Amino acid sequence: MIALFFILVFAAGIAEGLMDFLQFHYRPIFKNELFWNPELSWKNKYKDGDPMKGPKFLFSTTLFVALTDGWHTMKLLRNVLLFVSLPFIGFFSGTIVAFLIYGVCARIVYGLGFYISYEKL
């Protein structure tokens, strides 16, 4: 159980690192430039890539925006992983001290995931 918790938190850190990589240090390392390149991908949510023509499909600019570009996909993944991991804390933190220890450890593991995907790509 505890291993799964830390795996989820680590993966969430990777997703956030990829978000920041895409936003601040993007270079073409992915095959689908139209999906991953933030200079191009923001247009994917609109008909013909034109905001004046409106959404590409129903809720492409809101509810289903994670289907349109890499940054939003990584954001959804990060959030889902973190929310799914939260209940695990209750399984193995019977005391406030244990809760704090796991919280600090989770932050370190999250930071490692972030570092690997942001600094090492």
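The values are calculated or read from the model by the stated rules, or taken from the named source; none is laboratory data. Quick caveat: nothing in here was measured; it's all calculated off a predicted structure. All Cβ positions, glycine included, derive from the backbone under ideal geometry; neighbour counts span all protein chains shown.
Tallying residues that are of a type outside the set (Lys, Arg), surrounded by fewer than 10 Cβ atoms within 10 Å (Cβ to Cβ) and over 28 Å from Val84 (Cβ atoms) within the range 12-38 yields 1. Every condition in (1) surrounded by fewer than 18 Cβ atoms within 10 Å (Cβ to Cβ); (2) aliphatic (A, V, I, L, M); (3) over 9 Å from the mean Cα position of the chain (by Cα); (4) under 25 Å from Ile116 (Cα atoms) holds for Val9 except the one numbered (1).
Kindly check whether there is at least one residue in the range 97-120 that is in contact with a strand residue (DSSP E or B) (Cβ under 7 Å, 6 or more places away or on another chain), part of a helix (DSSP H, G or I), loosely packed, with under 13 Cβ neighbours inside 10 Å and without any contact (Cβ under 8 Å) to a residue 40 or more places away in the chain.
Of the residues in the range 97-120, the ones in contact with a strand residue (DSSP E or B) (Cβ under 7 Å, 6 or more places away or on another chain) are none.
No, the range 97-120 contains no residue that is in contact with a strand residue (DSSP E or B) (Cβ under 7 Å, 6 or more places away or on another chain), part of a helix (DSSP H, G or I), loosely packed, with under 13 Cβ neighbours inside 10 Å and without any contact (Cβ under 8 Å) to a residue 40 or more places away in the chain.
The residues listed here are Asp20, Asp50, Asp69; of these, the one that is modelled with pLDDT of 95 or more and more than 24 Å from Tyr115 (Cα to Cα) is Asp50.
Can you report the number of residues in the range 43-67 which are in a loop (DSSP other than H, G, I, E, B), more than 21 Å from Asn32 (Cβ to Cβ) and either in contact with an Asp or Glu (Cβ under 7 Å, 6 or more places away or on another chain) or of a type in the set (A, V, I, L, M, F, W, C) (or both)? I'd like the intermediate steps shown before the answer.
Quick first cut of the range 43-67, residues in a loop (DSSP other than H, G, I, E, B) only: 50, 54, 56-64.
Checking which are more than 21 Å from Asn32 (Cβ to Cβ) leaves us with 54, 58-59, 62-63.
Add one more test, that the residue is either in contact with an Asp or Glu (Cβ under 7 Å, 6 or more places away or on another chain) or of a type in the set (A, V, I, L, M, F, W, C) (or both), and what stays is 58-59, 63.
Counting residues in the range 43-67 that are in a loop (DSSP other than H, G, I, E, B), more than 21 Å from Asn32 (Cβ to Cβ) and either in contact with an Asp or Glu (Cβ under 7 Å, 6 or more places away or on another chain) or of a type in the set (A, V, I, L, M, F, W, C) (or both) gives 3.
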